[in-house]
Amino acid sequence: MKKKFLFLSLILLAPLLFLVEKSAIRGISANSSPPKNLYLLETVLRYIRNDYIEELDPLKTVEGSFKGLVNALDSLSGYLDKENTARFLEQKEGLYKESGLILFKKYGSFPVVVGLVEGSPAEKAGLMLGDAVTEINRLSTPPMSLAEVNLYIRSKEEEPLELKILREDKTLEMKVERTSLIAERLTYSPLEGTSGILRISRLTAPCLMILKTKFLPILSQKKKTLVLDMRTCQEGTFEEARQLVNFFLKAESIGYLEKKGEKSEIFSSLEEPALSDIPLIVWVSQATLGPAEVVAAVLKQNNRAKIVGLPTFGLAAKNEFFMLKDGTSVLLTSAIFCLDSGVKLWGQGVEPDIQVDARDLSFNSYLRKSQSLISAP
């Protein structure tokens, strides 16, 4: 058993070498001492092998190490076991029900509720912004990646989601229904004194096709301020983001993806914008994530819109999925979005022009904060 543990520990050392400082790696020679990181790792492995109270399954130990290694990289990266890999591939096809709960999570911490889709089961169940989710279906959440959390809160069946919530000094247990929300990507509603509110909850195809065929004929007749509500837009693609920007402005370059310090993909909005003259306000919150952040940032940088809401987290990045031979998989952040000015959104997010009170993120609160912009000539 000990020999097997030692053998698999050596296998484990290979990926962990990536965490060693480059300078330390370059400095290794026949006469140099091992880098401090490797010395500490070897010491910890020896203590576990010799002194831990139980004989461990080396395979589980290695898998746990892989999970910690990848999950600790950033909020979008994650290691998925076989069960979650199958769940990921299934949900990639859109085959899931959801509760309307939007979470953000850093490695080792509890997921925090940052958004609730209006009228969703999560809102009706009484979940509140700022709630910390300590368990999902009786599974502890701190070891999970954000990707795993999102996989667990969705299901192909309309079965209730069991949550344990930490709210201030209280622990609450909740059951939240799940239903089909994925179809409600984009909605439009009139609002007195404006051109209306265009609410985008998911920036994925055919979102922009719906906008073009169903709502553009209405909006093209309007001249007053349009509100683009992206408060709960947590998912999307950069292509849909590019197309949405092009409805409001034309530019040779609106930004690019940066991969290991090099430009890997430049985004342009070259078509004549259908809504170039309409004044624009964009509503954002901490549940505005990824490509939705790109839309807000590009429109702000080009003085095309005013941003109202809260600073966003800065998760505008490209995520790559890698299937492994044993049926597990890895999600890795491979490129980050930069504005045409060179400003990186990764970890920075979007700063609003007008900030709302974090204690009141209701529709009426956003509307009140937007009044000065709506009534401006």
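The values are calculated or read from the model by the stated rules, or taken from the named source; none is laboratory data. Predicted, not measured: the structure shown is a model, and the values here were computed from it. Counting neighbours? That spans all protein chains shown, and the Cβs are built from the backbone with ideal geometry, glycine included. Heads up: the accessible areas ignore ligands, DNA and RNA and are worked out on the full protein's heavy atoms, side chains in. Shrake-Rupley method; radii C 1.70, N 1.55, O 1.52, S 1.80 Å.
A few notes on this one:
- Against the numbered list (1) under 16 Å from the mean Cα position of the chain (by Cα); (2) open to solvent by less than 60 Å² (accessible area, probe 1.4 Å), Val282 comes up short only at (1).
- Members of segment 295-316 found to be closer than 17 Å to Val113 by Cα and in contact with a Ser or Thr (Cβ under 7 Å, 6 or more places away or on another chain), listed by number: Gly309, Leu310, Thr312, Leu315
- Residue among Tyr188, Tyr152 that is in contact with a helix residue (DSSP H, G or I) (Cβ under 7 Å, 6 or more places away or on another chain) and not hydrophobic (A, V, I, L, M, F, W, C): Tyr188
- Qualifying residue in segment 155-173 (condition: assigned to a helix (DSSP H, G or I) and either buried (at least 16 other Cβ atoms within 10 Å of the Cβ) or on the phi < 0 side of the Ramachandran plot (or both)): no
- Residue match in segment 354-372 (condition: of a type in the set (D, E, K, R) and surrounded by 15 or more Cβ atoms within 10 Å (Cβ to Cβ)): yes
- For Gly327, the stated conditions hold: it is part of a loop (DSSP other than H, G, I, E, B) and touching a residue at least 60 places away in the same chain (Cβ under 8 Å).
- Output for segment 208-262, where each listed residue is assigned to a loop (DSSP other than H, G, I, E, B), within 17 Å of Tyr188 (Cβ to Cβ), open to solvent by 20 Å² or more (accessible area, probe 1.4 Å) and hydroxyl-bearing (Ser, Thr, Tyr): Ser220, Thr232
- Some residue of segment 287-305 being under 15 Å from Val245 (Cβ atoms), open to solvent by 30 Å² or more (accessible area, probe 1.4 Å) and either in a strand (DSSP E or B) or of a type in the set (Asp, Glu) (or both): no
- Any hit, segment 84-106, residues being farther than 21 Å from Gly349 by Cβ, assigned to a helix (DSSP H, G or I), in contact with a Ser or Thr (Cβ under 6 Å, 6 or more places away or on another chain) and of a type in the set (Val, Ile, Thr): yes
- Residue in segment 52-59 that is at pLDDT 65 or above, of a type outside the set (Gly, Ala, Ser) and surrounded by 11 or more Cβ atoms within 10 Å (Cβ to Cβ) present: no
- Yes/no for Ala358 being over 17 Å from Ala147 (Cβ atoms) and either aliphatic (A, V, I, L, M) or touching a Pro at 6+ places or on another chain (Cβ under 6 Å) (or both): yes
- Residue that is out of contact with any Leu (no Cβ under 8 Å at 6 or more places or on another chain), closer than 19 Å to Glu293 by Cα and of a type in the set (D, E, K, R), where the choices are Glu184, Glu258: Glu258
- Residue list for segment 167-185, filter: under 22 Å from the mean Cα position of the chain (by Cα) and not hydroxyl-bearing (Ser, Thr, Tyr): Val176, Arg178, Leu181, Ile182, Ala183, Glu184, Arg185
- Inclusion of Glu265 among residues that are part of a loop (DSSP other than H, G, I, E, B), more than 25 Å from Ser372 (Cβ to Cβ) and open to solvent by 10 Å² or more (accessible area, probe 1.4 Å) is not warranted.
- When Gly193 is tested against (1) in contact with a helix residue (DSSP H, G or I) (Cβ under 7 Å, 6 or more places away or on another chain); (2) in a loop (DSSP other than H, G, I, E, B); (3) closer than 30 Å to Lys344 by Cα; (4) at pLDDT below 95, just one condition goes unmet, and that condition is (3).
- Among (1) part of a loop (DSSP other than H, G, I, E, B); (2) at negative phi, the one test that Arg368 misses: (1)
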